[in-house]
There are 2 protein chains.
Amino acid sequence: MAEAHARPLARLIEELQKLPGIGPKSAQRLAFHILRSQEEDCRSLADAIVAVRTQMRFCSRCFNFTDAELCRICADPRRDNSTLCVVGEPSDVIALERAGVYNGIYHVLQGLLAPLEGIGPEDIRIGELIERIKDGGITEVILATSPTPEGEATAQYTQDVLQESGVKVTRIGRGIPIGADLDYVDQISIAHALEGRTQM
Amino acid sequence: MAEAHARPLARLIEELQKLPGIGPKSAQRLAFHILRSQEEDCRSLADAIVAVRTQMRFCSRCFNFTDAELCRICADPRRDNSTLCVVGEPSDVIALERAGVYNGIYHVLQGLLAPLEGIGPEDIRIGELIERIKDGGITEVILATSPTPEGEATAQYTQDVLQESGVKVTRIGRGIPIGADLDYVDQISIAHALEGRTQM
């Protein structure tokens, strides 16, 4: 039996398998698709992969992904700068924006507290959050980390450190099933959770 | 509500969604994964995508994909050059090779007859197959196109045109469920099908 694939094909299959949720069979299907597509389309995909890594950076204010100094939300003058929603990841911002009911701004922690994995407050953007609150102008902080153990611990910790600031701190409301990943919750549940938020 | 993604991210998600089996949610997950990976890994994936398209071509003998003049199977002196297995697609070669019981060579038709879609004998590599048989040295042709309507029609047509050549023509044996795509059949069924092939 000869080796199944010529080298460039084997290499692409190997690279594709490194992506999350792509097994050997999917990787082969994708590789054959790419092999058959127009060279222009291949280059367009390849360019997009490199561009996303080289052109994207973190918003200097909220730490969401952006291709400019400020992300689109922070740069939008129509957003309510007095309400700050704290989330774990940029994908959570997208999930909340999809619900279409929130008009405030965000703070992306870029992680959640996970003591067992050695992730403490200094490893996520909590220090930067405290600075933003100190700078003034924010009257309410909505803790919208996912209701997982890590998300709950992060919300609790954040509430503790913000207690002295005098700012109103709320936790995203019920409506999100416990243990669920915010990024997978339907838009209506997210809208309910935002509307039904409670003071901590 | 601001636009959900910055432009480079939106563009990558759009490109990923063009791939088969990748929906909006998977595309977003993959894009965020790529965004978070090392720049070196991104470039490696991007290079592999372009390389597969620019370095791969068709084997001048069997029309399988290859990165050289001849594919690895045609170039392998240990393969039995008197037995020729006819398949529709390069992925079928991989499926047959995985079974590990075949030591002959291949001919990839690069398609199957589909009159309703306007795909006739002149659109696939049947002419080249006839030439290979005429060149001599081949004593058996195994028709291993998938047992779908198109694969059966292609096998029947190929048998008809090869009838006068005097070469033994066999059809891949039972063991493959009717209607199944060869590329998805388990290795043992493929091994049985090869062993139980019958003369047409």
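The values are calculated or read from the model by the stated rules, or taken from the named source; none is laboratory data. Not measured: the values here are computed from a predicted model. Here Cβ is always computed from backbone atoms with ideal geometry, including for glycine, and neighbour counts include all displayed protein chains. Accessible surface areas use protein heavy atoms only, side chains included; no ligands, DNA or RNA. Shrake-Rupley method; radii C 1.70, N 1.55, O 1.52, S 1.80 Å.
Structure notes:
- Portion, in percent, of the accessible area of the stretch A:13-69 that falls on carbon or sulfur, probe 1.4 Å: 45 percent
- Remark: accessible area buried at the A-B interface is about 5900 Å², both chains counted, probe radius 1.4 Å.
- Amide proton proximity set for B:Y106, modelled H, under 5 Å, gap of 5+: B:C85
- Computed with a 1.4 Å probe over protein heavy atoms only, the accessible surface of the protein assembly as shown comes to 47 Å² per residue.
- Taking the square roots of 5 times each eigenvalue of the Cα gyration tensor of chain A, largest first, gives ellipsoid semi-axes of 39, 19, 16 Å.
- The B:D123 and B:Q156 beta-carbon pair, evaluated with R₀ = 25 Å, returns a calculated FRET efficiency of approximately 0.90.
- Within the accessible area of the stretch B:79-173 (1.4 Å probe), percent carbon and sulfur: 50 percent
- Note on the protein assembly as shown: lysine pairs with Cα distance below 29 Å, sequence gap of 8 or more or different chains, count 6.
- Residues in the stretch B:47-77 occluded by at least 50 Å² - accessible area, probe radius 1.4 Å, against chain by itself: B:A48, B:I49, B:V50, B:V52, B:R53, B:M56, B:F65, B:R72
- Under Karplus coefficients 6.51, -1.76 and 1.60, residue-wise ³J(HN,Hα) of the stretch A:101-111 in Hz, glycine/proline x: 10, 10, 10, x, 10, 10, 9, 9, 6, 6, x
- Evaluated at q = 0.12 Å⁻¹, the base-10 log of the normalised Debye intensity for the protein assembly as shown, with identical point scatterers placed on the Cα atoms, takes the values -0.91.
- For the stretch B:181-186, 3J(HN,Hα) computed residue by residue from phi via the Karplus equation (6.51, -1.76, 1.60; θ = phi - 60°) reads 8, 3, 5, 10, 7, 5 Hz, glycine and proline entered as x.
- More than 12 Å apart - percent of Cα-Cα pairs taken over the stretch B:1-40: 58 percent
- Across chain A, the mean sequence separation of Cα contacts (distance under 8 Å, 6 or more residues apart), normalised by length, yields a relative contact order of 15 percent.
- Distance from the C-alpha centroid of the stretch A:90-169 to that of the stretch B:107-138: 63 Å, rounded to the whole angstrom.
- Calculated over the stretch B:1-68, the projected area of the Cα convex hull averaged across directions stands at 6.2 nm².
- Centre separation in Å (Cα based) which lies between the stretch A:1-57 and the stretch B:41-89: 16 Å
- Residues listed by number, the stretch B:138-156, amide nitrogen under 19 Å from B:K168 label point at 7 Å toward C-beta: B:138-145
- Other-chain or far-sequence residues with amide H under 5 Å of A:M56's (modelled H): none
- Seen from a random direction on average, the alpha-carbon convex hull of the stretch B:3-120 projects onto 11.3 square nanometres.
- Backbone geometry of the stretch B:60-70 corresponds, through the Karplus equation with coefficients 6.51, -1.76 and 1.60 at θ = phi - 60°, to 3J(HN,Hα) couplings of 5, 9, 10, 6, 6, 6, 7, 10, 9, 4, 10 Hz, x marking Gly and Pro.
- The stretch B:79-173: antiparallel DSSP beta bridges as a percent of all, rounded to 5: 5 percent
- Accessible-area order (highest first, 1.4 angstrom probe) of the listed residues A:H107, B:H33: B:H33, A:H107
- Measuring gaps between exposed loop sites in chain B (trypsin sites (Lys or Arg not before Pro); DSSP loop; at most 16 other Cβ atoms within 10 Å), the longest gap, sites not included, is B:79-173.
- Hydrodynamic radius by Kirkwood, which averages 1/r over all alpha carbon pairs of the stretch A:54-166, in angstrom: 14.3 Å
- Sparsely packed GluC sites (Glu not before Pro) within the stretch B:19-113, loop by DSSP, other Cβ within 10 Å at most 11: B:E69
- DSSP beta bridge pairing in the protein assembly as shown, given as percent antiparallel to the nearest 5: 30 percent
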